[in-house]
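Colleague: Here it is, the structure, as structure tokens.
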Amino acid sequence: MKEAIETVDLLNRETQQFEPAILYRGIDKTNLDDFDRRWRPLIDVRIAQMTSPSEIAAANIQDWHWDWRDKAKKRTGQLASDSFAVEIDGITQGLLFTTSAAFARIDEQKGLDIVYLEYLATAPWNRKGFTTRPIYKGVGRVLVAAAISLSHDLGFQGRIGLHSIPQSESWYRDTCGMNDLGVDMNADHRGVLRYFEMTSDGANAFISS
Amino acid sequence: MKLLVSREWLRNKILTDPDTEIDAGSALMVLEALGVTVPVLAANEVVLADDRVVQMRIALGALIRQLRFQQKLSVAALARNAIVAEDEIRSIEHDPHYAPKPRTLHQLAGHFHLPVRQLMAMSGATRAIDRAFYNEAVRFAARADDLGALNSEDTNVLYAFVKYMNDRQDVK
């Protein structure tokens, strides 16, 4: 069930003014439709223009965008799964899928429960790498704060973990203060993504700084 | 669940946070690997065929090798400094059929202060590239000396190409 958690603000880079946004726990058809109708067409244009069909097929990229909808359906009823959306005027600006069926890897908290961020994404029009004039800034800050809050709510004391895309590594390492455990050689991540984890102390520092 | 930070705290943080990418998760990695964050195909761009991709990767290998020589770094030292695998650097430098990982390109771009977008194009991850950039990269590869230490002419050619890449990093 989708539930409004808090009114927050995102910074409109063009006007340099904050605009009110709603942070929701749980996503609904509106968010999935936004993904299909607003996010996906922009992404598909890039795919069509940047790669050959054989490459797309080889990477199984043509199906990737359905993962969101499929995952959302599969997650329904799974107690370990959670999802969050950030909306402005009813339009999805960011999405986060988490699972609590994950365990810490850092020695000091090894084996303890964490909230693992399966997918954290901001809308294409908010991404610097996607457009020369990205609109809203702040989605990542809001969603990381949501993940830490969820971790506390579940009794995990703020512990979270995630795999970062290369362009985001400095955000998680330097700005969020997460521990960089290096490239994950697990087959799921093909030796490409680095794994980051936040300790309970790190989470406290993040929310109290 | 209650959000543990205030609206005001978020506003202050968002104002001072670096303006960078924040996405995470393996599904997104696939998009990045395919270079989908590169600008839309423009009139001055071409889509590279496989043989042209090989030419671009030869140029990429020459570029990384020469920059490494210029900094007097061994493969191991570069791998250590850029936090990438030694094997991957060797493959980039010597195997034009090898498709470098996007993270490695990102790290090398950071180490050598090169525009990552152009490195992605040279690696073949991005098939739609600027015609002039393609021509310049192939020309650089043809002139690049493969014999180790750089003489002054090699250095001039290298610097000219690096300057060209940096000057064009905002060109769509």
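Colleague: Just one of A:THR122, A:THR175 is at the interface with chain B (Cβ under 7 Å from one of its Cβ atoms), crowded, with 23+ Cβ neighbours inside 10 Å, under 26 Å from A:GLU14 (Cα atoms) and without any contact (Cβ under 8 Å) to a residue 60 or more places away in the chain; which is it?
Modeller: Numbers: A:THR175 fails: crowded, with 23+ Cβ neighbours inside 10 Å.
The conditions single out A:THR122.
Colleague: Sticking with this structure for a sec: I'd like to verify a number: residues in the stretch A:50-108 that are of a type outside the set (S, T, N, Q) and at pLDDT 85 or above, how many? Give the steps one after another, and end with the answer.
Modeller: Of the residues in the stretch A:50-108, the ones of a type outside the set (S, T, N, Q) are A:50, A:53, A:55-59, A:61, A:63-75, A:77, A:79-80, A:82, A:84-91, A:94-97, A:101-108.
Of the ones still in play, those that are also at pLDDT 85 or above are A:82, A:84-91, A:94-97, A:101-108.
Number of matching residues: 21.
Colleague: In addition: Can you name the residue in the stretch A:125-168 that is within 7 Å of chain B (Cβ to nearest Cβ), in contact with a Pro (Cβ under 9 Å, 6 or more places away or on another chain) and not in a helix (DSSP H, G or I) and is also farthest from A:ASP180 (Cα to Cα) among such residues?
Modeller: Per the criteria, the residue is A:PHE130.
Colleague: What's the number of the condition A:VAL139 fails, among (1) surrounded by fewer than 23 Cβ atoms within 10 Å (Cβ to Cβ); (2) modelled with pLDDT of 90 or more?
Modeller: Evaluating A:VAL139 over (1) surrounded by fewer than 23 Cβ atoms within 10 Å (Cβ to Cβ); (2) modelled with pLDDT of 90 or more leaves (1) as the failure.
Colleague: Identify all residues within the stretch B:91-125 that are of a type in the set (D, E, K, R) and either farther than 14 Å from B:ALA62 by Cα or assigned to a helix (DSSP H, G or I) (or both); write none if there are none. Please lay out each step first, then the result.
Modeller: Filtering the stretch B:91-125 for residues of a type in the set (D, E, K, R) gives B:93, B:95, B:101, B:103, B:117.
Correct list: B:GLU93, B:LYS101, B:ARG103, B:ARG117.
Colleague: Between a residue in the stretch B:2-18 that is more than 7 Å from every other protein chain (Cβ to nearest Cβ) and in a helix (DSSP H, G or I) and any residue that is crowded, with 20+ Cβ neighbours inside 10 Å and among the hydroxyl-bearing types (Ser, Thr, Tyr), which pairs come within a Cβ distance under 9 Å, given they are 6 or more apart or on different chains?
Modeller: none
Colleague: Return the only residue of A:ASP113, A:ASP89, A:ASP153 being closer than 18 Å to A:LEU10 by Cα and either over 17 Å from the mean Cα position of the chain (by Cα) or surrounded by fewer than 23 Cβ atoms within 10 Å (Cβ to Cβ) (or both).
Modeller: Numbers: A:ASP113 fails: closer than 18 Å to A:LEU10 by Cα; A:ASP153 fails: closer than 18 Å to A:LEU10 by Cα.
Going through A:ASP113, A:ASP89, A:ASP153 in turn, just one is closer than 18 Å to A:LEU10 by Cα and either over 17 Å from the mean Cα position of the chain (by Cα) or surrounded by fewer than 23 Cβ atoms within 10 Å (Cβ to Cβ) (or both): A:ASP89.
Colleague: Of the residues A:ARG38, A:ARG46, which single one is farther than 24 Å from A:ILE148 by Cα and modelled with pLDDT of 75 or more?
Modeller: Values: A:ARG46 fails: modelled with pLDDT of 75 or more.
Only one candidate qualifies: A:ARG38.
Colleague: Taking the stretch B:68-80 as the search range and keeping residues that are surrounded by 15 or more Cβ atoms within 10 Å (Cβ to Cβ) and free of Cβ contacts under 8 Å to residues at least 60 places away in the same chain, which one is farthest from B:THR104 (Cα to Cα)?
Modeller: So the first thing to find is which residues in the stretch B:68-80 are surrounded by 15 or more Cβ atoms within 10 Å (Cβ to Cβ), and the list is B:68-70, B:73, B:75, B:78-79.
Retained after the next criterion (residues that are free of Cβ contacts under 8 Å to residues at least 60 places away in the same chain): B:68, B:73, B:75, B:78-79.
On the way: B:ARG68: 15, B:LEU73: 17, B:VAL75: 14, B:LEU78: 12, B:ALA79: 10 Å.
Checking each candidate, the answer is B:LEU73.
The values are calculated or read from the model by the stated rules, or taken from the named source; none is laboratory data. Quick caveat: nothing in here was measured; it's all calculated off a predicted structure. Don't worry about glycine lacking a Cβ; one is built from the backbone with ideal geometry, like all the others, and counts go over all protein chains shown.
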